[in-house]
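> Handing you a structure now.
The values are calculated or read from the model by the stated rules, or taken from the named source; none is laboratory data. Predicted model, so just to flag it, every value in this text is computed and none were measured. When we count neighbours, we look across all protein chains shown, and the Cβ atoms used for this are built from the backbone with ideal geometry, even at glycine. The area values use the complete protein model at the heavy-atom level, side chains included, leaving out ligands, DNA and RNA. Shrake-Rupley method; radii C 1.70, N 1.55, O 1.52, S 1.80 Å.
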Amino acid sequence: MRTLTGGCACGAVRYETPGDWEFSFQCHCRKCQRATGTGHAPAFAVSRAETRLHGPIKHYEHVADTGARTKTGFCPECGSPIVSSTERFPERIYLLAATLDDPTVFRPQFAVFESEAQPWDTVPPELRG
Ligand SMILES: [Zn+2]
Ligand SMILES: [Zn+2]
């Protein structure tokens, strides 16, 4: 069983989570586009209880396009978004794939909010629902 480790761009925030993700995806919603400055957010779901986050994470709360209250955690030093969570699944957190120390292990299983995808960032056919 592998341990996934990662952190923000400046290294002030670090995490480790045992084992593998529950599932992985890429989110094309407008909130993720704005929060990451890119076309979509590749992320994976892990157990909140089993994940250790270290460092000065700041949380931004907002209402997601689903209507659920959602929190995005970022590093206040470098601004990197790292983690998000939704009140709908409080036992889970979602870590952003590019924060992994070894991002090559990431494979998205499906896409969400495909209807909000930008024309310059199309959803690969194999990830469409
Ligand atoms: Zn940082
Ligand atoms: Zn999103």
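> Using the Cα centre of region 3-115 as origin and beta-carbon charges of +1 (Lys, Arg) and -1 (Asp, Glu), tell me which of Y15, P108, C75 is placed farthest towards the positive end of the dipole.
Looking along the dipole axis, the top candidate is C75.
> Ok, one more. Give me the percent of accessible area attributable to carbon and sulfur for the chain, probe 1.4 angstrom.
Working: 3780 of 7130 Å².
Looking at the chain in its full context, I get 53 percent from C and S.
> Using the basic label-point model (7 angstrom from Cα toward the beta carbon), what is the R107 to E16 distance in nanometres?
Rounded to a tenth, the inter-label distance reads 2.5 nm.
> If you don't mind, another one. Using only Cα atoms, what Kirkwood radius does the chain have, in angstroms? It would help to have the intermediate numbers written out before the result.
Working: mean 1/r = 0.0674 Å⁻¹.
Computed over the chain, the radius equals 14.8 Å.
> At q = 0.12, 0.19, 0.21, 0.28 Å⁻¹, work out log10 I(q)/I(0) for region 48-106 with the Debye formula, treating every Cα as an identical point scatterer and leaving solvent out; two decimals please.
Each listed q maps to, in turn, -0.31, -0.76, -0.90, -1.25.
> Leaving out ligands and nucleic acids, note down the accessible area per residue over the chain with a 1.4 angstrom probe, in whole Å².
That works out to 55 Å² per residue.
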